[in-house]
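First the structure, in the form of structure tokens, and then the observations on it.
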Amino acid sequence: MIQVALPKGRLGEKVYDIFEQIGMGCPSIRENTRKLIFENEENGICFFWVKPSDVAIYVDRGAADIGVAGKDILLEYEPDVYELADLNIGKCRMCVAGKKGFRDDTSRTLRVATKFPHIASSYYEKVGREIDIIKLNGSIELAPILGLSDVIVDIVETGKTLLENNLEPFEEIVPISARLIANKVSYKFQNQKITEIADKINRYIQTKGE
């Protein structure tokens, strides 16, 4: 069986819909149950729900053969996996944002608050800017408002939260969306089945985009 790690929440439900559309569903997953693992022997597929940020770990470590993770997670943690498809869902942007009217004083170190220290460091290294990373786990928008940081590096979907707090995005670092990923060993030994799933998903995404 192909083991599939799905991200919990709305994104995971959209991802599962895609698997269902390509004929790789598992009816029991729709039942109101506390089960953690859902198998469809006929399709040779097994699904389980995990925290979105954990999907890449399950796939990297081989507990799952394939899974779906946001590009932000793949860039931040750099798991040793193959990226097989862009699902074109969960779309947002990784941006630099701060108070409206902010001007960067390049004579001093820029203070950057973020949940994504690796992405932020890589970006500022490329542009040659010296920074002080402040790692936070929630309410990143508060950091520049309260003077903890000059700017933030965070995911922006609509920009509404920034706007309501008198903040604005300055620069887009990278577009983000959900990606189908595969464990490298699984991809080698179950190549036919994994390639078949990836091809079907890619065709489905292309058809929807036409």
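Scan the stretch 1-19 for residues that are in contact with a helix residue (DSSP H, G or I) (Cβ under 9 Å, 6 or more places away or on another chain), more than 20 Å from ARG61 (Cβ to Cβ) and part of a helix (DSSP H, G or I) and jot them down.
Listed by number, the residues that qualify are LEU11, TYR16, ILE18, PHE19.
Take the residues of the stretch 169-179 that are in contact with a Gly (Cβ under 8 Å, 6 or more places away or on another chain) and open to solvent by less than 60 Å² (accessible area, probe 1.4 Å): which is farthest from ALA113 (Cα to Cα)?
Top of the filtered list is ARG179.
Take LEU74 and tell me if it is surrounded by fewer than 19 Cβ atoms within 10 Å (Cβ to Cβ), modelled with pLDDT of 95 or more and within 30 Å of ASP199 (Cβ to Cβ).
Yes: the conditions hold for LEU74.
Can we say ASP154 is touching a Gly at 6+ places or on another chain (Cβ under 8 Å), open to solvent by less than 70 Å² (accessible area, probe 1.4 Å) and among the acidic types (Asp, Glu)?
no
Among the residues of the stretch 7-53, count how many are open to solvent by 50 Å² or more (accessible area, probe 1.4 Å) and over 21 Å from LEU74 (Cα atoms).
The qualifying residues number 15.
Where residues in the stretch 96-118 are buried (at least 21 other Cβ atoms within 10 Å of the Cβ) and of a type in the set (A, V, I, L, M, F, W, C), which of them is nearest to the chain's Cα centre (by Cα)?
Applying the filter and picking the extreme gives PHE116.
If LYS135 satisfies all but one of (1) touching a strand residue (DSSP E or B) at 6+ places or on another chain (Cβ under 8 Å); (2) basic (Lys, Arg); (3) surrounded by 15 or more Cβ atoms within 10 Å (Cβ to Cβ), what's the number of the condition it fails?
Condition not satisfied by LYS135: (3).
Kindly provide the set of residues from the stretch 126-143 that are farther than 16 Å from CYS95 by Cβ and over 22 Å from the mean Cα position of the chain (by Cα), ordered by number.
Matches in the stretch 126-143: GLY128, GLU130, ASP132, LEU142.
The values are calculated or read from the model by the stated rules, or taken from the named source; none is laboratory data. This one's a predicted model, so the numbers in the text were calculated from it and none came from an experiment. Heads up, the Cβs are rebuilt from the backbone with ideal geometry, glycines too, and the neighbour counts pull from every protein chain shown. The accessibility values were calculated without ligands, DNA or RNA, using every heavy atom of the protein model including side chains. Shrake-Rupley method; radii C 1.70, N 1.55, O 1.52, S 1.80 Å.
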